[in-house]
Each structure stands twice: as structure tokens, then as C-alpha cells.
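Data first, discussion second: the structure below is written as C-alpha cells.
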Amino acid sequence: MPQTEPDRPTRLDRLGPVFASIWLIFLVDSVLEGWARRDEPAGVVGLLATLVFAGAYLTLWLQIRSDRSRLITNPPPRTAVAHLGGLLGLAVVAVACLGEPALSTIVFIAVSAVMVLPLRAAAPVVAVLVAGALGLADAEGWGSQSGLVFAVLAASISLLGLRTVLRANAAQVRAEQENARLAVENERTRFARDLHDILGHSLTVITVKAELAGRLLDVDPERARAELADLEWLSRDALSDVRRAVGGYRDLTLPGELVRARAALEAAGIQARLPGSVEEVPADLRELFAWTLREGVTNVVRHSRASTCDVRLGPTSIAVHDDGTGAGDEPGRGHGLTGMRERAAAVGATVTVRRLDPGFALEVSRA
């Protein structure tokens, strides 16, 4: 199978690292403080901690941005704790060495918590971070931190909104994919059912007529030629039915099926007792009754070894009875009867199959 080329990165994708790096501007105060105190061990350590913190946060953001599904499904708890623990440790070192300017790391930790944790866990983490920053500021006399609190809440809520939108979109995509899968599955089932019903009947009749023509070749050549002519007509008719099934046109006519049933039963040497009119059958039941007649007659010809077949037709019911002794499939089983039940259920009808003494009965009725 040929491999597809990977999607080329768009301009927006190439600029992704730039956009992610812009937010690191909030760490500038911490970097400047560390640089100003570069002659002190605390300043150097704080500066290094801030730079490593920025790199760790940027790496986490770019990893998640490269696969947006990570904003939809949370990583394993162990991975999330490792990310947050690493950032928190670096932030503690930076704040301990540089003081108030390094408190801006709290914003990035809060955003990271929303990125990698479910809401029920992220919300308490953000609340603890804000409370801890405010408590530390009060203890150290660093003044009001309302700007920091606003930044933490605004950034967290923004990312939470992004995750919510992405999850809603993903759920909609999954629903559309499932609907498409079910539509394909239903169409496959429909086509398999129709193909079984169409070819099962046609090939059964063709087989019976071919056997009859073979027996008549030596004793009645004229009758044999007539049967062969019927075979050609039946094969062309079957081909037309298959084409209609492929095209999705499944409409049968009840009068047409009565004609087919008489021909099939006569070819099999079975006396046919068929109704002479279909006028009393309502329009919404005619296609169902046509399929029922086709399925019933096919089973009679194929399995019954009957001498007569009686078709009874009413305004709300159709019954196909035979007096055979054949032992086909158990009543109520088989692909054809499964398809029949599906069609009947669609119009509020029921299918009944039962053995007679002798014979077999297939009945479809609507109350």
C-alpha cells in the first residue's frame, strides 16, 4: 500500500514556537532580577532556575500543541505530576533566590495544571497556588498581588475554555464518525439482504428450469427449447434486479411477483393456487407482500417437495402455504426470514412461520 506524504507544516504551525514564547515575557522581571544579582550565588541560581523553568514550560506547551488531542485527553497521572512537580520545584528555587519578581512563575504553573489535569483536580491546584502566593507575599511584605491573581485566573479560564471547545468538537467528530459507520453498516446489511432475496429466488428458478430442460431434451425438444428461452429471460431479469439493488432501488411489484411465482412453481411441477387480484392490498404493504411472496415461493421450490402451493392475500395479510414434506431450515431461521422480519417491522407488521401437517406456512400480517 503506498504511503501518504505527511501534511506539510503551515505558516501558522511554523510560527507556533514564536507564539508560545511570547508569553514568557512575564518571566522578564525574574530574569532581570537574577541578572542584576549575578555576582551573588543566589542570583545565579535564581537566574538558572528561571531559564530552566521557561524551557520546561515551553517544551510542555509545544508538545501539547503539536498534538491537540493532548488538550482533550489528560496524560497519565504520573506524567502530569512529574510535569507539575518539576515546574513547582524550579519556581520554589527561583522565588527563594530572587523574591517577589519570581512569583510570576505561578501563572505558568496554573496554566500547566489546567493543561495536564482534569478540571476537578486542576481547580484545587490553582486555588492552592493563588493562596500560597498571597500568603507568601503577605509574610514577606511584598504588597498587593491582585495583578498576579488576575493573571492566574484569566490564563486558567482561557485555557479551560479552549479545552472545552476542543472536547466538544472532538465529541461531535466522534458522533459523526459513528453515524457514518452505522450508515455504511446499515447499507451493507440492506444490500446483502436484497442480494440474497433477489438472487436466491432467481437462481432457484433458473436451476429448476435448467434441470427440467435437461430432462426434456430427448423426450420433448420443443418444450426443452421453450424452457431454455425462459432461462434466458430469467437470467436477464435477474441481472436487471441486481442492477436495481446496486443502485438502491428495491421496489418490487406485487402483480409482477405473482407472475414470477406462477412461473417458478409450474417449472418445479408444483400446482399454484394464487390470488387473481391485488387491488385490496394497501399501497404501503404491497412491497412487503411482494418480498414475502418471493421468499415464500423460493423456499417452497427449494425445500418443500410439495405438490401444491397456496397463496392467500388479504388487505392486511399474506400467507404462503405448501403441503410438502421437505426438511429445510428450522422455521424462523435463515437470512431470508431475518430480512423479512426487518422489512415487516418497518411497517408495523409481524412475521409468523410454522410447520403444518403436512407442509409449511409463512405468514405476514399487520393488525
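The values are calculated or read from the model by the stated rules, or taken from the named source; none is laboratory data. This structure is a prediction, so every number in the text was calculated from the model and none was measured. Quick reminder, even Gly has a Cβ in these numbers, built from the backbone with ideal geometry, and neighbours come from all protein chains shown.
Tabulated data for the structure shown
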quantity	calculated
Boolean, residue 126 is farther than 24 Å from residue 38 by Cβ and modelled with pLDDT of 85 or more	yes
Residue among 151, 127 that is touching a residue at least 60 places away in the same chain (Cβ under 8 Å) and either farther than 26 Å from residue 48 by Cα or not assigned by TED's automatic domain parsing to the domain that holds residue 27 (or both)	151
Residue that is surrounded by the fewest Cβ atoms within 10 Å (Cβ to Cβ) [pool: residues in the range 29-58 that are farther than 17 Å from residue 106 by Cβ and charged (D, E, K, R)]	39
Subset of the range 59-84 (residues that are surrounded by fewer than 16 Cβ atoms within 10 Å (Cβ to Cβ) and either modelled with pLDDT of 70 or more or of a type in the set (Phe, Trp, Tyr) (or both))	59, 62, 63, 76, 77, 78, 79, 81, 82
Single residue of 230, 197, 218 found to be at pLDDT below 75, more than 30 Å from residue 104 (Cα to Cα) and of a type in the set (D, E, K, R)	197
Residue list for the range 150-169, restricted to those being surrounded by 16 or more Cβ atoms within 10 Å (Cβ to Cβ) and farther than 17 Å from residue 92 by Cβ	151, 155, 156, 159, 160, 163
